[in-house]
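Novice: Shown below is the structure under consideration.
The values are calculated or read from the model by the stated rules, or taken from the named source; none is laboratory data. These numbers come from a predicted model, not from an experiment. All Cβ positions, even for glycine, are placed from backbone atoms using ideal geometry, and neighbour counts span all protein chains on display. Each accessible area value is taken on the protein alone, full model and side chains, heavy atoms only, with ligands, DNA and RNA left out. Shrake-Rupley method; radii C 1.70, N 1.55, O 1.52, S 1.80 Å.
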Amino acid sequence: MPLRDLLLGLFVIAIWALNIIVIKVGVAELPPLLLTTLRFSLVAILLVPFYPVARAQLPFLLLLSITFGSLHFALLFIGLEHAEAGTGALLVQMGTPFATLLAVIFLKEKLGPKRIVGLLLSFVGIVVLAGGPTLPTPLPLVILLCSAMGWAVSQLLIKRGPPIAPMALAGWVALFAVPQVALGSWLFESGQWQAMQQASWLGWGAMIYTAVMSSIVAYGIWYALLRRHPVNRVVPMTLLVPVLAVGLGALLMGDSLGVHKLVGGGLVVAGIALIVIRFRRRPQPA
């Protein structure tokens, strides 16, 4: 990969890792479902007018808005309100093992020895994390793992669904997700108007960052890289997201770096690496 594209890829990874920290800052000032509603609204406003879709694609986008919008993003914001940034980033990475298992069950994909070892390492890593003091209480833990499952289900839907331009998909999923998360905020949260009035520039900046930088800028660059290079050269860079998120959480948020987090997180990342990285055999000399 040329140095320019490598640097672009690392720039995207930095945006996504910092996004975990930014969400933590945002949910400290705005209720999580309200923050999610504002985020989706901004994404829809910026993308939908410029990326029309066919009417036949709307039911698929509506379904994806439930799994990707409400289940993944809304639960991610809720879970991060009660979890350390680095721990939350590691838990959400379980979306990759979940997606692998779902592909085996529903798409009849084969699961080789390397990927089996990767799955086992990932789940052992979660068990190690569970023995440490940084793991959130059971409810936020389940919420974050459900967020990872929402991501996994969404990846399978995208894989089997109609071809839609990435920015169109992001915009229309956000549009359909707005009433879902807004209803959730109305039912389960209170003081939304007061929170918006009292939010500082950090709270509003967090909302703008997670909408513009994470969803639009980062994904725009990422999909351009995927068009130019083999998936196996681009996707493994995402393994740096939880590593960098753990470091940023410790540096910027004062999160702890205990043995359980380092060992458990290392096992999760190693397991996911075995799942997503394809190793090529070197040709034997003649």
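Novice: Just to be sure I understand the model, the point goes 7 Å from the Cα along the line to the Cβ. What's the resulting Ala273 to Val124 distance in nm?
Specialist: The two pseudo-label positions are separated by 1.5 nm.
Novice: Taking R0 as 25 Å, what's the FRET efficiency between Leu183 and Val212 from their Cβ-Cβ distance, rounded to 0.05?
Specialist: Result of the calculation: an efficiency of 0.55.
Novice: Using a 7 Å offset from the Cα along the Cα-to-Cβ direction at both Val142 and His229, what is the distance between the two label points in nm, to one decimal?
Specialist: Here the answer is 4.1 nm between the modelled labels.
Novice: Nearest 500 deg cm²/dmol is fine: what mean residue ellipticity at 222 nm does the chain get from its DSSP H runs of n ≥ 4 alone, each adding -39,500 (n - 2.57), divided by its residue count?
Specialist: Using -39500 (n - 2.57) per qualifying helix, the result is -22000 deg cm²/dmol.
Novice: If you count, for each residue, the other Cβ atoms within 10 Å and average over each peptide, how do 261-268, 216-223 line up from highest to lowest?
Specialist: So the order, starting with the most tightly packed, is 261-268, 216-223.
Novice: Also, quick follow-up: Carbon and sulfur together cover what percent of the accessible area of the chain at a 1.4 Å probe radius?
Specialist: In the chain, the share of accessible area belonging to carbon and sulfur is 72 percent.
Novice: Could you tell me the relative contact order of segment 1-100? Use alpha-carbon pairs under 8 Å, at least six residues apart, and round to a whole percent.
Specialist: 43
Novice: Leaving out same-chain residues fewer than 8 places away, which lysines sit with a Cα under 22 Å from that of Lys108?
Specialist: Of all the lysines, those that pass the test against Lys108 - Cα under 22 Å, at least 8 places apart if same chain - are Lys159.
Novice: Right, another one. Expected output is a single nm value to one decimal: the length gained when fully extending between Ser190 and Trp204, i.e. 0.36 nm times separation in residues minus the C-alpha distance. What is it?
Specialist: 3.2 nm
Novice: Once Rh is set to the Kirkwood radius over Cα pairs, what Stokes-Einstein translational diffusion coefficient, in µm²/s, holds for segment 3-276 at a temperature of 20 °C and a viscosity of 1.002 mPa s?
Specialist: Once the numbers are plugged in, D ends up at 113 µm²/s.
Novice: Follow-up question, since we're still on this one. Could you sort Arg227, Arg4, Arg55 by accessible area so the largest value comes first, with the probe set to 1.4 Å?
Specialist: These residues rank, largest area first, as Arg55, Arg227, Arg4.
Novice: OK, next. Helix by helix through the chain, keep the DSSP H runs that span 18 Å or more along the axis on Cα and average at least -1.0 on Kyte-Doolittle, and give those back in order. Mind dumping the intermediate values first?
Specialist: Numbers: long enough: 3-27 (36 Å, 2.06); 32-47 (22 Å, 1.97); 113-130 (26 Å, 1.89); 138-160 (33 Å, 1.31); 166-188 (31 Å, 1.49); 259-276 (25 Å, 2.02).
TM-like helix candidates: 3-27, 32-47, 113-130, 138-160, 166-188, 259-276.
Novice: Can you pull the one-decimal nm distance between simple spin-label points at Ala54 and Val259, each 7 Å off the Cα toward Cβ?
Specialist: Calculated label separation equals 5.8 nm.
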